[in-house]
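Any read-out appearing in this document is the output of simple, stated calculations on the displayed coordinates, not a laboratory observation. Keep in mind that this is a model prediction, so the values were computed, not measured. Neighbour counts are summed over all protein chains in view; Cβ atoms, including those assigned to glycine, are modelled from backbone coordinates with ideal geometry.
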Amino acid sequence: MKGVMGALGGASPALVGLAFGAGVVLVAAAIAAGRPNFARRVAAGRPASMRAPGRGRGSSVFAALADSLGSTTPTVVRRLVLLGADPDPAPFRLRQALAGGAGMGCAVAFGAPFAWSRGASGLASLIVLGALGALAGVALWDRLLTVRANARQRRIDAQVPDASELLALAVGAGESIPAALERVARISNSDLAHEIEVTVAEIRLGLPSTRALGELGARNDSAPLDRLCQTLITAIERGSPLARVLHDQARDIREASRQRLLEEGGKREIAMLLPVVFLILPVTVLFALYPGLMALELMP
């Protein structure tokens, strides 16, 4: 007990305050997770077969803490859907907890020699460092999910023009829209082909084609794909000619992609000037002026 009090007494007030704040957040998350809401109270009286699968108390506490940090369960489910993975957030939360544990272990391993050199006063610093490492691991895993989901949606954006051209060729050859979708999903091997394959499977199970196409657009965060789905839905509902519209749409998407690349190139060109102006140019000026300055200093 005296060692702990000595460690807390030797630590800086900022570290003690940070540790106290982290403890308050953990306690508040545990209380929020343990308090039953109205839905849980109603579900307690329903048969076991009608209840939603529950989570353990430990996972509930971790999920509540993650929700308080901004990584809410609905956003995780949405990003998992955008990634094309299983929308169940439980495996992601488990991996996120493992990432937090790994971050805490790395932080403790890094700070242990410094804490050991400071003696008892380094204990509080080591605890705070471990908590920060755990939070960094959790945030990094959440950020990785966002990056992967956005990268997949960008790949889908780039694949829409090719799929539109293939659909136009298939429809122009006399195939129906569901048959054309099935052909595109079969001959292509891409993220968009996987999404179209899911849509074709839904149509085979009896879902109306317009609804399946609407869910395809809602399942992804891709403006070109949503435009393609709306075009197909309009053609199904109104019987409008489709082949020429799909060709024109593919051309417009490629033109928009080219314009976006030009804009991105202009931004990168400005960003490339920063190291030139602040790193290379000062060194060049220094090398040019240094001999003259040395000559002036050596003059009597």
Subject >> Which of 269, 215 has the fewest Cβ neighbours within 10 Å, and the rest in rising order >> reply: 269, 215
**OP:** With a point put 7 Å past each Cα toward its Cβ, work out how far residue 81 is from residue 179 in nm, to one decimal.
**Re:** 3.2 nm
**OP:** For the range 182-300, would you read off the P(r) tail past 19 Å as a percentage of all alpha carbon pairs?
**Re:** 67 percent
Subject >> Most positive-pole-ward Cα, 256, 291, 242, against dipole of the range 217-300 from beta carbon charges >> reply: 242
**OP:** Arrange 196, 127 by Cβ neighbour counts within 10 Å, fewest through most, would you?
**Re:** 127, 196
Original post:
Considering the alpha-carbon set of the range 98-229 alone, what are its Rg and its Dmax in angstrom?
Top reply: 24.6, 81
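Give me 138, 277, 108 ranked fewest to most by other Cβ atoms within 10 Å of their Cβ, as a rough exposure proxy.
Working: 138 24, 277 10, 108 16.
Fewest-to-most ranking of 138, 277, 108: 277, 108, 138.
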